[in-house]
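In what follows, a single structure is set out as structure tokens and then discussed.
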Amino acid sequence: MSALYAAHVFVKSGRVAFEHHWGEKIAWFLQETLPNALSLFVLNDNNHRDYALYFVGAAIVGVLLLAGSCVEWRRYGRSRGIIWLTGLFGLPVFACGVSLIASEHYATYRTILAMTAVLLCFLVASVRSLTENWGAGGRRMLATLAVAAAFLTAQHHVYALIAVPQGNEWQLILTGAKHVHLEGAHPRIFAVASTPADLSTATIYHDEFGSLSSNSEWVPREMFKRAMHDLHPEIANLDSRYEFSSGPKLPADQRYDVIIDLHRLRRLYTDN
């Protein structure tokens, strides 16, 4: 990768850097990355509203993994147990290798997906070992409950923390676009960008769940462009028919035909 950057095949981003502070990185891995991967049902939350439930969820999975390792050791001997523990402690670290090597400390769910998948495989194997003496009906019931819980929580996370807040942002942009009149003068539109304080959800985790897409320089512009094309698909060169700009606050010395205030997102707050 460094050779490709040096040969100017790709332009190196400022975020691309190797880790040099390994003590801090190991502490970050144990405090953030590992609990995120272990808590399969409860999302982490920047506001720590569900921290107790999140911690308990991670602890339960950790206990089940260790219990499965003990059963494997006792049932099949030391050599099998050592292989199991080596895989349990080694493969998740290997799966998270890129995040460990990179200097960035950002434990998002998309960066720990491979690690979570490895732990999930060990969890299924552990639960299977722990319930080996159960009847077939009991094991099927346990599997059904686990899959149902996973389905319901995943559906809630995606809907309440992605679809709803992004739908709120889209609705404000679309409402503003409907007030733009293209007949006659060249209309001027200004969007007052949202801030982290304008969240419409109670839970937020980094830039993935509950976050604001419109809290940026380019997203409001692209959303407005999409809205205008949806409202006026018959007009050619539509982008040249209006002037759009955005910023953290409305310029005092400028006049605009339509103002979209994305601070109104906080009025749509939902305790999810």
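The values are calculated or read from the model by the stated rules, or taken from the named source; none is laboratory data. Since we're looking at a predicted model, the values are computed, not measured. Ideal geometry is used to build each Cβ from the backbone, glycine not excepted, and the neighbour counts take in all protein chains shown. The protein model used for the area step is the full one, side chains on, heavy atoms only, and it has no ligands, DNA or RNA in it. Shrake-Rupley method; radii C 1.70, N 1.55, O 1.52, S 1.80 Å.
How much length, in nm to one decimal, is gained on full extension between MET1 and LEU100, taken as 0.36 nm per residue of separation minus their Cα-Cα distance?
34.0 nm
If you place +1 on the Cβ of every Lys and Arg, -1 on the Cβ of every Asp and Glu, and leave all else neutral, what size is the dipole of region 18-125 about its Cα centre, to the nearest 20 Debye? Show your work: numbers first, answer last.
Working: 7 positive and 7 negative charges, 111 e Å.
Using Cβ point charges on Lys, Arg, Asp and Glu, region 18-125 gives about 540 debye.
Of ALA114, ALA252, ALA136, which is the most mobile in a GNM of the chain whose springs link Cα atoms less than 10 angstrom apart?
So, out of ALA114, ALA252, ALA136, the one fluctuating most is ALA252.
Heavy atoms only, probe 1.4 angstrom, no DNA, RNA or ligands counted: give me CYS96, CYS121 ranked by accessible area, highest first.
Largest accessible area first, the residues go CYS121, CYS96.
For the chain, take the longest principal axis of its alpha carbons; what is the angle in degrees between that and the long axis of helix 113-130, to the nearest 10 within 0 to 90?
With rounding to tens, the tilt is 40 degrees.
With all protein chains present, how much of the accessible area of region 1-140 (probe radius 1.4 Å) comes from carbon and sulfur, to the nearest whole percent?
After summing per-atom areas, the C and S share lands at 67 percent.
Given an 8 Å cut-off on Cα distances and at least 6 residues of separation, report the relative contact order of the chain as a percent. Numbers along the way, then the final one.
Values: 322 pairs, mean separation 53.5, N = 272.
Result for the chain is 20 percent.
For region 118-144 and region 227-260, what is the separation of their C-alpha centers, rounded to whole Å?
Distance between centres, Cα-based: 57 Å.
Roughly how many debye, to the nearest 20, is the charge dipole of the chain about its Cα centre, given +1 on each Lys and Arg Cβ, -1 on each Asp and Glu Cβ, and no other charges?
Working: 23 positive and 23 negative charges, 192 e Å.
Roughly 920 debye for the chain.
Between beta-carbons, use under 12 Å as the cut-off and find the net charge around TYR54, counting Lys and Arg +1, Asp and Glu -1.
In short, -2.
Would you work out which of ALA193, ALA143, SER69 lies farthest towards the positive end of the dipole of the chain? Charges go on Cβ: Lys and Arg +1, Asp and Glu -1.
SER69
Taking mean projected area of the Cα convex hull in nm² straight from the coordinates, which label in [x] 21.6; [y] 14.6; [z] 12.7 is the correct one?
Read-out from the structure maps to [x].
Say the dipole of region 222-272 comes from +1 at the beta carbon of Lys and Arg and -1 at that of Asp and Glu; which of LEU265, GLN254, LEU231 then lies farthest toward its positive end?
LEU265
Would you calculate the separation in nanometres between label points at ARG264 and THR86, each defined as 7 Å from the Cα along the Cα-to-beta-carbon direction?
That separation, rounded to one decimal, is 6.3 nm.
Hey, got the dipole for region 1-57? About the Cα centre, +1 on K and R Cβ, -1 on D and E Cβ, debye to the nearest 20?
Roughly 220 debye, rounded to the nearest 20.
Of the options SER39, HIS206, ALA154, report the single residue whose Cα projects farthest towards the positive end of the charge dipole of the chain (beta-carbon charges: Lys, Arg +1; Asp, Glu -1).
So the residue furthest toward the plus end is SER39.
Considering only protein heavy atoms, what per residue accessible area in square angstrom results for the chain with a 1.4 angstrom probe?
Result: 61 Å² per residue.
Take the Cβ-Cβ distance between VAL63 and ALA143 as r, set R0 to 30 Å, and report the resulting FRET efficiency rounded to the nearest 0.05.
0.95
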